[in-house]
1. Does Gly221 satisfy the condition of being assigned to a helix (DSSP H, G or I) and either within 13 Å of the chain's Cα centre (by Cα) or on the phi > 0 side of the Ramachandran plot (or both)?
2. Thr47 fails exactly one of the following numbered conditions: (1) under 24 Å from Asp165 (Cα atoms); (2) hydroxyl-bearing (Ser, Thr, Tyr); (3) at pLDDT below 95. What is the number of that condition?
3. Anything in the range 231-248 that is of a type in the set (Val, Ile, Thr) and touching a Leu at 6+ places or on another chain (Cβ under 8 Å)? List them, or say none.
4. Note down all Cβ pairs under 7 Å where the first residue falls in the range 49-61 and is closer than 15 Å to Ala26 by Cβ, the second is open to solvent by less than 40 Å² (accessible area, probe 1.4 Å) and at pLDDT below 95, and they're at least six residues apart or on different chains.
5. Has the range 7-29 got at least one residue that is assigned to a loop (DSSP other than H, G, I, E, B) and either touching a Phe, Trp or Tyr at 6+ places or on another chain (Cβ under 9 Å) or surrounded by fewer than 19 Cβ atoms within 10 Å (Cβ to Cβ) (or both)?
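The values are calculated or read from the model by the stated rules, or taken from the named source; none is laboratory data. Just so we're clear, the structure is a prediction, and the values are computed from it rather than from any experiment. Cβ sites come from the backbone with ideal geometry, for glycine too, and all protein chains shown count toward neighbours. Heads up: the accessible areas ignore ligands, DNA and RNA and are worked out on the full protein's heavy atoms, side chains in. Shrake-Rupley method; radii C 1.70, N 1.55, O 1.52, S 1.80 Å.
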Amino acid sequence: MSADPQGRDLLALAVEIAAEAAVIVAKYAAERTYAIETKSSPTDLVTEADRESEALIVRAILAARPHDGLLGEEGASREGASGIRWVIDPIDGTTNFVYGIPAYSVSIGVERDGQVIAGVVHDVALKEAYTASLGGGAHLNGLPIHVSARADLSASLWGIGFAYDPHRRGEQAKFYDRVMTHIRDVRRMGSAALDLCRVASGQLDGYWEFQLNAWDIAAGGIIAREAGAVTRGFHGYTFEEGYVLASNPALNAPMLAVLDAYR
Ligand code: LIP
């Protein structure tokens, strides 16, 4: 498949805007004097930095493309007339950000008629940019990246995550301990966008989490796919509905069988 020209052009704009937002987020990370509030639960945090990052991203997108649609974690929501929609997570990994754990990112995905055609995940602390456009492959700081080749499930390393809702977390935890007997180990690193990028670069063999939002997975999903990953849903839900299973092709069906066995 040849690179989609519009995907490539919109990626260039997304990369520029994500880099600007990363400067704001890094400034707040250094100063550590920002206000913190809670959202859906006492553990679901939002900071001044999340809000300012999203405001900057929205301003920059509408300045360049006034007819596009928007969906942002911190409330940006706009029907566009162009068929293009920007899906924004101004800081993915906000809990890490608040605790000073260097694993949070600015994530921007671009959809055309509902299909993601470009994505950038800018790792603020490591100053690394993961990028991809439809048919254009996936890159880390401009260099091509690919998923791992590991085919043995029992020797595979997986990223996982937990919801902000304590009840759901309990359900997820019960589920995870059963899966543990089938794999090498897990890593809970706190940012779905970066976890998907680690699958893309082979730092993880796979990642699964459920009940995520579009902004957590839009950009990371295309980066993983363009790096050779299979991304899909499970338990009767789709990837786009937030049931995320992403891995190299060899491990996808075996892990799906395990996930379905413990439904
Ligand atoms: C977070 C995800 C993470 C998930 C958290 C939360 P946020 O996104 O990146 O994978 O486990 O529950 O959804 O809230 O930092 O943008």
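1. Values: assigned to a helix (DSSP H, G or I): yes; either within 13 Å of the chain's Cα centre (by Cα) or on the phi > 0 side of the Ramachandran plot (or both): yes.
The answer is yes for Gly221.
2. (3)
3. If we filter the range 231-248 for residues that are of a type in the set (Val, Ile, Thr), which is where we start, we get 231, 238, 244.
If the condition is that a residue be of a type in the set (Val, Ile, Thr) and touching a Leu at 6+ places or on another chain (Cβ under 8 Å), then Thr231, Val244 are the ones that fit.
4. Once the first residue is closer than 15 Å to Ala26 by Cβ and sits in the range 49-61, its partners that are open to solvent by less than 40 Å² (accessible area, probe 1.4 Å) and at pLDDT below 95 give Ala49/Tyr34.
5. Here is the first cut: in the range 7-29, the residues assigned to a loop (DSSP other than H, G, I, E, B) are none.
Scanning the range 7-29 turns up no residue that is assigned to a loop (DSSP other than H, G, I, E, B) and either touching a Phe, Trp or Tyr at 6+ places or on another chain (Cβ under 9 Å) or surrounded by fewer than 19 Cβ atoms within 10 Å (Cβ to Cβ) (or both).
Listed here are the residues, each with its yes/no results for (1) open to solvent by 30 Å² or more (accessible area, probe 1.4 Å); (2) modelled with pLDDT under 95; (3) among the acidic types (Asp, Glu).
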position: His182; (1), (2), (3): yes, no, no
position: Asp185; (1), (2), (3): yes, no, yes
position: Ser191; (1), (2), (3): no, no, no
position: Asp195; (1), (2), (3): no, no, yes
position: Val199; (1), (2), (3): no, no, no
position: Asn213; (1), (2), (3): yes, no, no
position: Glu240; (1), (2), (3): yes, no, yes
position: Ala246; (1), (2), (3): no, no, no
